[in-house]
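**Student:** Structure below; questions to follow.
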Amino acid sequence: LISDVFFDAEPGVRLRARLAEARAAGAELAVLPEIPLNPWSPATTDTRDDDAEEPGGHRHQLLAAASREVGIGVIGGAIVRDPGDGHRRNTALVFDARGKLRATYAKLHLPEEPGFWETSHYVPGTRPPERIDAFGMPLGVQICSDVNRPEGCHLLGALGAEAILAPRATEQGMYERWRVVFRANAMTSSAYVLSVNRPRPEAGVPLGGPSIAVAPDGTVLLETSDPMGIVRLERAAIAKARTDYPGYLPIRADLYADAWGAIARQED
């Protein structure tokens, strides 16, 4: 978990150095904060064209090159502009250790309040989270506010994801509330939940707060404000959580799908 952002004069140099440090410590996958190659754009409602890029843009290329050169998987992100409709989305980009893009995920739940004017900068994603099988264990991604709607984590757990990775940009003073949510999502999804935050205040927004890794039984394995935190995930912990309470409870997917479908029809 790398709590650092990279938008200075030479972002690629620092990014490669951070990734190399993680790789030297034995990490196979590095998780960066929310939109880590951008300043915190939602600090204001002002939008700039160069905050976003087309698919495969320069931030994408920088992340791919760094992961390939260091030989480590990377979960980064960018504000990606859809070439069809021009809509911008806050998008996680998942690269394997060869620098190949293996998955993307666009943030679904967008705040709109002081310091987090996100709907002014991008629109919500339109696809649910999906299981990613590019690494040693099945993974899933949520971005920041998405974890405060637990359906995404529960869906990923039901799909067999064993770790849910959540880049975020949150305020230091709100951390205890987030901590409760991370632990609850881990226990109820029977999956590891790991999150890394932007490291410091930006543009008057009091960003900051620890990186955290929670085991599927709710135990906090790592909680640090250091720039880097390393945690080892054990598949045996997943197996145990899924046979213990509440992991063995039935999912009842059809029943809940019908109920949510009825709500969706009412909203239409």
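**Student:** Could you tell me which of the residues ILE238, ILE212 is more than 16 Å from the chain's Cα centre (by Cα) and aliphatic (A, V, I, L, M)?
**Tutor:** ILE238
**Student:** Give the residues of the range 122-133 that are β-branched (Val, Ile, Thr) and surrounded by fewer than 16 Cβ atoms within 10 Å (Cβ to Cβ), sorted by residue number.
**Tutor:** Listed by number, the list holds a single entry, THR126.
**Student:** Still on this structure: So which residues in the range 160-177 are assigned to a loop (DSSP other than H, G, I, E, B) and surrounded by fewer than 17 Cβ atoms within 10 Å (Cβ to Cβ), if there are any at all?
**Tutor:** GLY160
**Student:** Can you say whether SER211 is of a type in the set (S, T, N, Q) and either within 28 Å of TRP40 (Cα to Cα) or out of contact with any Cys (no Cβ under 6 Å at 6 or more places or on another chain) (or both), as far as the supplied structure shows?
**Tutor:** So SER211 fits the description; yes.
**Student:** Hey, VAL141 hits all of (1) β-branched (Val, Ile, Thr); (2) touching a Lys or Arg at 6+ places or on another chain (Cβ under 6 Å); (3) more than 22 Å from THR45 (Cα to Cα) but one; which does it fall short on?
**Tutor:** Of everything listed in (1) β-branched (Val, Ile, Thr); (2) touching a Lys or Arg at 6+ places or on another chain (Cβ under 6 Å); (3) more than 22 Å from THR45 (Cα to Cα), VAL141 misses just condition (2).
**Student:** Whether any residue in the range 56-74 is in contact with a helix residue (DSSP H, G or I) (Cβ under 8 Å, 6 or more places away or on another chain), in a helix (DSSP H, G or I), open to solvent by 80 Å² or more (accessible area, probe 1.4 Å) and without any contact (Cβ under 8 Å) to a residue 60 or more places away in the chain is what I want to check.
**Tutor:** The answer is yes; a qualifying residue exists.
**Student:** Counting just the residues of the range 13-37 that are among the small types (Gly, Ala, Ser), outside any loop (DSSP other than H, G, I, E, B) and open to solvent by 10 Å² or more (accessible area, probe 1.4 Å), which one comes out farthest from LEU110 (Cα to Cα)?
**Tutor:** ALA24
**Student:** When the residues of the range 77-121 are filtered to those that are touching a residue at least 60 places away in the same chain (Cβ under 8 Å) and in a strand (DSSP E or B), which remaining residue is surrounded by the fewest Cβ atoms within 10 Å (Cβ to Cβ)?
**Tutor:** Ranking the candidates gives TRP117 first.
**Student:** For the range 236-255, give me the residue count where each residue is of a type outside the set (D, E, K, R) and either touching a helix residue (DSSP H, G or I) at 6+ places or on another chain (Cβ under 9 Å) or assigned to a loop (DSSP other than H, G, I, E, B) (or both).
**Tutor:** Residues flagged as of a type outside the set (D, E, K, R) and either touching a helix residue (DSSP H, G or I) at 6+ places or on another chain (Cβ under 9 Å) or assigned to a loop (DSSP other than H, G, I, E, B) (or both) within the range 236-255 amount to 9.
**Student:** Something else about it: Residues in the range 209-241 that are surrounded by 17 or more Cβ atoms within 10 Å (Cβ to Cβ) and either over 29 Å from ALA17 (Cα atoms) or of a type in the set (Asp, Glu) (or both): how many?
**Tutor:** Total satisfying the criteria: 4.
**Student:** Of the numbered conditions (1) at pLDDT below 95; (2) open to solvent by less than 40 Å² (accessible area, probe 1.4 Å), GLY136 satisfies every one except a single condition; which is it?
**Tutor:** (2)
The values are calculated or read from the model by the stated rules, or taken from the named source; none is laboratory data. Since this is a predicted model, take the numbers as computed values, not measurements. Methodologically, a virtual Cβ is constructed for each residue, glycine included, from the backbone with ideal geometry; neighbour enumeration extends over all protein chains shown. Please note that ligands, DNA and RNA were not included when accessible areas were found on the heavy atoms of the full protein model with its side chains. Shrake-Rupley method; radii C 1.70, N 1.55, O 1.52, S 1.80 Å.
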